[in-house]
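Trainee: Please read through the structure below; I'll follow up with questions.
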Amino acid sequence: MTETFYEVLRRQGISRRSFLKFCSLTATSLGLGSAAAPKIAHALETKPRTPVLWLHGLECTCCSESFIRSAHPLAKDVVLSMLSLDYDDTLMAAAGYQAEAILDDIKKRYKGNYIVAVEGNPPLNEDGMFCIHGGRPFVDVLKETCADAKAIISWGSCASWGCVQAAKPNPTRATPVHKVITDKPIIKVPGCPPIAEVMTAVVTYMLTFDKIPELDRQGRPKMFYGQRIHDKCYRRPHFDAGQYVEEWDDEGARKGYCLYKMGCKGPTTYNACSTTRWNNGVSFPIQSGHGCIGCSEDGFWDKGSFYDRVTDIKQFGIESNADKIGGTAAAVTGAAVAAHAAVTALARAKKKTGIDIPGGEK
Amino acid sequence: MLAQQDALEAEQQARLVKAVYVYEAPVRLWHWVNALCITLLAITGYLIANPLPSMPGDASQHFVMGTIRVIHFSSAYIFAVGFIGRIYWAAVGNHHARQIFILPIRSRQWWGEIFHELKWYLFLVKEPKKYVGHNPLAQLAMFLFFTIGAVYMICTGFALYGEGLGAESWAGHMFGWVITAVGGNSQQVHSLHHMGLWVTLIFVMIHIYAAIREDIMSRQSMISTMISGWRMFKD
């Protein structure tokens, strides 16, 4: 059922002769000799493309919206030629029982050899009843579908960290995928949404090299999440020089100064926005004059205002940042020290007068 | 003539001063280098979180935040290396050098004397006890505020520093786990590290006040001890 690469190439109008020439050239380029050419041709003719099942849990579809806007490669090429996207209830034409039957079919026929891409996350409260997929709790469908998968891609901040639906107080107990599926390799592609090219590149990498990209400590592909927005920001010279936007629409804002003081989360956010940018490389938030809100970071909704540099610390139960808490504590200590010094001085003076003045009160 | 008078006066009125050598040269040097580092770290740290007003003109003419960060990072390196050196000295130096690292928590007498020191600070006892090294309360405070505090600031600080150097850097390898440990969001580590600034400030306030007060009120020298190394007893 799943097309091989050869079939895709033929469908796109490439002749068998051109295909065989390509195989010979590839064998020669790799230094494998002429005997390898038929083997390459055979592999491309017979090896089916890895099927991808795209599930949707609690989400807003912004990941899908982003994905279909990919320019390099074009989303249509990814979907129609490169990967075998066998199930995606938002993009596919099929619906109902036949559509759901695909999940079972792929699970059986490609046991241990298909990829599950998850957009959104499962809510666990009330036995998962806050998100129903085809008449069943999404968490059940997710567990079932992932049981025989080769690897799982967590699309976006929802699947990776929990995002807005997991923000405090998280009434549905929305839970990121890696806390539900614990026995499979999971590639986190956070962002709200992730950058389109990052999404297609992660999929392309996995299909081309048949392995998962190198991940960082938190399970994100290093090639896109290895550096912070700040590290590659084109406004970085203004940061180092000490030139900041002090308030919206001031002189600094017009000159494109650094948005650090306006609470830009570029220094604490790992993503590729400042290099890859958005919408076919047109722009990204900072270039448009607004600070980064850190949407690809874990718990970014609960880490204080998007517009503060020193953000609120919620652990203290009150809306207060490190400077307010620390400043108050320091002031109290200062007052205590001063009072203690005063009492000490008084006590000492009393003691001294008691000794030094003859006939004085003692 | 005058000299004779002074000699006579000294003969009549001078008390016999007893002195013990407490703080060896590396400890004293470390203390004052630390004082400088902490001052620089606190000021630059505050300015990193709350930057100075914007500089006018072309970006290439200034390096204000850059300089502030360089000072912060250089001081941090010196502070951290000094701390490692201090741990080494705790091993090879005299027993006073170990006081801020190891607490005699099993000694009931020690806890009792902490209580006595507390009473002294609350004006409940008239005379403090004599100590060659830190008094038990000071020892406890040094351990909690300084030793634990320094480890905390080094770990959180170098975790943040490692973000700039990159995950593959030595700092990323050695301290990158701190970011994951507090929930994976680096903004959280920034907030925690910034809280450390205020804890340090409170420590410095109490430390200096207690040192000056004890110098005047207690039965032994304080400030000059950290300069000369000798603890003088007044009675």
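The values are calculated or read from the model by the stated rules, or taken from the named source; none is laboratory data. Bear in mind the structure is a predicted one, so any value in this text is a computation, not a measurement. Neighbour counts run over all protein chains shown; Cβ positions are idealised from the backbone, glycine included. Just the protein is used for accessible areas: all its heavy atoms, side chains included, with ligands, DNA and RNA removed. Shrake-Rupley method; radii C 1.70, N 1.55, O 1.52, S 1.80 Å.
Trainee: If you go through region A:234-261 one residue at a time, how many are open to solvent by 20 Å² or more (accessible area, probe 1.4 Å) and more than 7 Å from every other protein chain (Cβ to nearest Cβ)?
Mentor: So the count comes out to 10.
Trainee: Let me ask you something else. Looking at (1) among the polar types (S, T, N, Q); (2) open to solvent by 80 Å² or more (accessible area, probe 1.4 Å); (3) touching a residue at least 60 places away in the same chain (Cβ under 8 Å), find the lone condition where B:Asn94 falls short.
Mentor: B:Asn94 satisfies all of (1) among the polar types (S, T, N, Q); (2) open to solvent by 80 Å² or more (accessible area, probe 1.4 Å); (3) touching a residue at least 60 places away in the same chain (Cβ under 8 Å) except (2).
Trainee: How many residues are assigned to a loop (DSSP other than H, G, I, E, B) and exposed (fewer than 13 other Cβ atoms within 10 Å of the Cβ) if we restrict to region B:1-58?
Mentor: Residues flagged as assigned to a loop (DSSP other than H, G, I, E, B) and exposed (fewer than 13 other Cβ atoms within 10 Å of the Cβ) within region B:1-58 amount to 11.
Trainee: For region B:194-222, which positions are more than 8 Å from every other protein chain (Cβ to nearest Cβ), β-branched (Val, Ile, Thr), open to solvent by 40 Å² or more (accessible area, probe 1.4 Å) and closer than 30 Å to B:Asn50 by Cα?
Mentor: Matches in region B:194-222: B:Val204, B:Ile208.
Trainee: Moving on. So, of the residues in region A:62-85 that are modelled with pLDDT of 85 or more and under 25 Å from A:Asp105 (Cβ atoms), which turns out to be most open to solvent (accessible area, probe 1.4 Å)?
Mentor: Only one residue tops the list, namely A:Ile68.
Trainee: A further question follows. Does B:Gly162 fit the bill of being under 18 Å from A:Glu214 (Cα atoms) and within 13 Å of chain A (Cβ to nearest Cβ)?
Mentor: No, not satisfied.
Trainee: I'd like to verify a number: residues in region A:286-345 that are within 9 Å of chain B (Cβ to nearest Cβ), open to solvent by less than 20 Å² (accessible area, probe 1.4 Å), in contact (Cβ under 8 Å) with a residue 24 or more places away in the chain and of a type outside the set (Phe, Trp, Tyr), how many?
Mentor: Adding up the residues that qualify gives 3.
Trainee: Before we move on, is A:Asp210 open to solvent by 60 Å² or more (accessible area, probe 1.4 Å), in contact with a Ser or Thr (Cβ under 9 Å, 6 or more places away or on another chain), farther than 19 Å from B:Gly184 by Cα and not small (Gly, Ala, Ser)?
Mentor: Yes, satisfied.
Trainee: Specify the residue that is nearest to the other protein chains (Cβ to nearest Cβ); the eligible residues are those in region B:178-193 that are touching a residue at least 12 places away in the same chain (Cβ under 8 Å) and open to solvent by 20 Å² or more (accessible area, probe 1.4 Å).
Mentor: Only one residue tops the list, namely B:His190.
Trainee: May I pose another question? Suppose we keep only residues that are over 16 Å from B:Phe143 (Cα atoms) and of a type outside the set (A, V, I, L, M, F, W, C) within region B:71-91. Which one would you say is most open to solvent (accessible area, probe 1.4 Å)?
Mentor: B:Tyr88
Trainee: Here's something else I'd like to know. I'd like the full set of residues that are in contact (Cβ under 8 Å) with a residue 40 or more places away in the chain, within 24 Å of A:Arg309 (Cα to Cα) and out of contact with any Leu (no Cβ under 8 Å at 6 or more places or on another chain), limited to region B:50-79.
Mentor: Taking region B:50-79 and keeping what is in contact (Cβ under 8 Å) with a residue 40 or more places away in the chain, we get B:73, B:76, B:78-79.
Now drop any that are not within 24 Å of A:Arg309 (Cα to Cα), which leaves B:73, B:76.
The one that is in contact (Cβ under 8 Å) with a residue 40 or more places away in the chain, within 24 Å of A:Arg309 (Cα to Cα) and out of contact with any Leu (no Cβ under 8 Å at 6 or more places or on another chain): B:Phe73.
Trainee: Checking A:Ser66 against (1) in contact with a strand residue (DSSP E or B) (Cβ under 9 Å, 6 or more places away or on another chain); (2) without any contact (Cβ under 8 Å) to a residue 12 or more places away in the chain, which single condition isn't satisfied?
Mentor: It is condition (2) that A:Ser66 fails.
Trainee: On the given criteria, is B:Phe145 surrounded by 14 or more Cβ atoms within 10 Å (Cβ to Cβ), within 14 Å of chain A (Cβ to nearest Cβ) and touching a residue at least 24 places away in the same chain (Cβ under 8 Å)?
Mentor: For B:Phe145, the condition - surrounded by 14 or more Cβ atoms within 10 Å (Cβ to Cβ), within 14 Å of chain A (Cβ to nearest Cβ) and touching a residue at least 24 places away in the same chain (Cβ under 8 Å) - is met.
Trainee: So which residues in region A:137-177 are open to solvent by 10 Å² or more (accessible area, probe 1.4 Å) and small (Gly, Ala, Ser), if there are any at all?
Mentor: Scanning region A:137-177 gives A:Ala147, A:Ala166, A:Ala167.
Trainee: Another question, if that's okay. Out of everything in region B:83-109 that is in a helix (DSSP H, G or I) and over 22 Å from the mean Cα position of the chain (by Cα), what residue ends up being farthest from the other protein chains (Cβ to nearest Cβ)?
Mentor: Only one residue fits best here, namely B:Arg108.
The rows are residues; the columns are (1) within 28 Å of B:Leu40 (Cα to Cα); (2) modelled with pLDDT of 90 or more; (3) not aliphatic (A, V, I, L, M).
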position	(1), (2), (3)
B:His72	yes, yes, yes
B:Ala76	yes, yes, no
B:Ile105	no, no, no
B:Gln109	no, yes, yes
B:Tyr131	no, no, yes
B:Phe143	yes, yes, yes
B:Gly166	yes, no, yes
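Trainee: Can you name the residue in region A:86-128 that is of a type in the set (Asp, Glu) and not in a helix (DSSP H, G or I) and is also modelled with the highest pLDDT among such residues? Explain how you work it out, then say what you get.
Mentor: Within region A:86-128, the subset of a type in the set (Asp, Glu) is A:86, A:88-89, A:100, A:104-105, A:119, A:126-127.
Now drop any that are not not in a helix (DSSP H, G or I), which leaves A:86, A:88-89, A:119.
Numbers: A:Asp86: 85, A:Asp88: 89, A:Asp89: 85, A:Glu119: 95.
Out of the qualifying residues, it is A:Glu119.
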